[in-house]
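Here the structure is laid out as structure tokens; the discussion comes afterwards.
Values quoted throughout were computed directly from the atomic coordinates according to the rules given, and no laboratory measurement underlies them. On a predicted model such as this, the values are computed, not experimentally measured, just so you know. Note that each Cβ is placed from the backbone with ideal geometry, even for glycine, and that neighbours are counted across all protein chains shown.
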Amino acid sequence: MARELKGTLDAQDLHVGIIVSQFNEFVTSKLLAGARDALRRHGVREERVTVVWVPGALELPQVAQRMADSGKWDALIALGCVIRGETSHYDVVANESARGIAEVARATGVPVTFGVLTTNDADQAAARAGGKLGNRGYDAAESAIKMASLYRQLAVEPTPVS
Ligand code: INI
């Protein structure tokens, strides 16, 4: 029979790191609250959660790389907010942050989920940070739990065919 693997929300024993940007803190603090709420609801113990603040979204991959390299965390969550109206280098910040985070996840083998909002204005960001369109931080935390679960399942050898 085929083996079908899917990440679950069973978060027992997980050590999770959250990296969050100070830039646009009025939004990122809400993403952080959402992520912490998701972790708590799914049973991640408070003392197994580490929150690290960085200056802006461009610094998220650098700290994610350090934390992933240490081997201390089962999953990392990167949170930030890039608002188009407020920067002429929106595309650079948004693209580099996304590219860097994905690269860290692939290079280190530690899942790093992407909770960085890229929006046209502050209202769109607020709607996705605990407003009427949910909380992207909460979603990124659930994705982190699922990815850690999936990696654990992938570490189990398949039954050999005799
Ligand atoms: N950082 C953000 O997280 N969001 C932004 O919208 C933003 N803008 O507007 O420029 C931003 N810039 C700072 C950047 O992430 C770095 O912290 C900075 O360039 C220092 O390296």
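Structure notes:
- Here is how the number arises for the chain: DSSP H runs of 4 or more residues each give -39500 (n - 2.57), the sum is divided by the residue count, and the result at 222 nm is -14500 deg cm²/dmol.
- Spin-label pair residue 103-residue 4: with each label point 7 Å from Cα along the Cα-Cβ axis, the two points sit 3.7 nm from one another.
- Net charge, residue 136 excluded, C-beta distance under 12 Å - Lys, Arg +1, Asp, Glu -1: 0
- For segment 97-153 versus segment 28-75, the gap between their alpha-carbon centres in whole angstrom: 10 Å
- Counting only lysines at least 8 places from residue 6 when in the same chain, those with an alpha carbon closer than 27 Å to its own are 72, 146.
- Degrees, to the nearest 10: 25-41 long Cα axis against longest axis of the chain: 20 degrees
- Hits among lysines - C-alpha to C-alpha of residue 30 under 18 Å, sequence gap 8 or more where chains match: 132
- Convex hull of segment 38-162 built on C-alpha atoms - directionally averaged projected area, nm²: 9.6 nm²
- Other-chain or far-sequence residues with amide H under 5 Å of residue 118's (modelled H): 82
- Trypsin sites (Lys or Arg not before Pro) restricted to segment 54-114 and DSSP loop, no more than 14 other C-beta within 10 Å: 72
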